[in-house]
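Each remark here refers to the structure printed beneath this line.
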Amino acid sequence: MGSGKDSAESDKASAAGKGPGKQSGGSGKAEATPLAVGDTVVTKVDPATGEGEQTDGSGVIVDDFGDNLAADDADYGRSWALAKRWAIKLDDGRLVFRSSDEVSRSG
């Protein structure tokens with residue numbers, strides 16, 4: 001699980017406009033609050049299957065691995081089994097791992 005120090009550093013980065021979920025540009029619109037541990041979110045239940053209709057599932061973020069991820073342009077030598085930022089406990093009890101672009105805040 002992530003430490004309080006990790007969360008504090010993430011909060012500092014978010015406050016400085018460097019964290020996830022921040023919208024860039026000067027459109028005058030309110031900036032989105034970054035995702036965090038404890039947030040209720042929605043994600044595709046089985047996004048990697050590619051078969052048939054994909055269903056959405058809701059759950060709660062239980063851990064943030066943002067500080068442990070390599071740079072976005074890292075070359076792993078493969079396109080499968082890449083690290084994901086968020087650990088999410090789905091309402092049906094499963095634990096899934098997702099990138100920020102695969103998660104949306106439950107509204």
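Using a probe of 1.4 Å, the accessible surface attributed to LYS89 totals some 110 Å² when neighbouring protein chains are kept in position. When all protein chains stay in place and ligands, DNA and RNA are ignored, the 1.4 Å accessible-area order of LEU82, LEU35, largest first, is LEU82, LEU35.
In this structure VAL37 has an accessible area near 80 Å², from a 1.4 Å probe over the protein heavy atoms.
The values are calculated or read from the model by the stated rules, or taken from the named source; none is laboratory data. All figures in this text were calculated on a predicted structure; none of them were measured in a lab. Protein only, heavy atoms only, side chains kept; ligands, DNA and RNA dropped before computing areas. Shrake-Rupley method; radii C 1.70, N 1.55, O 1.52, S 1.80 Å.
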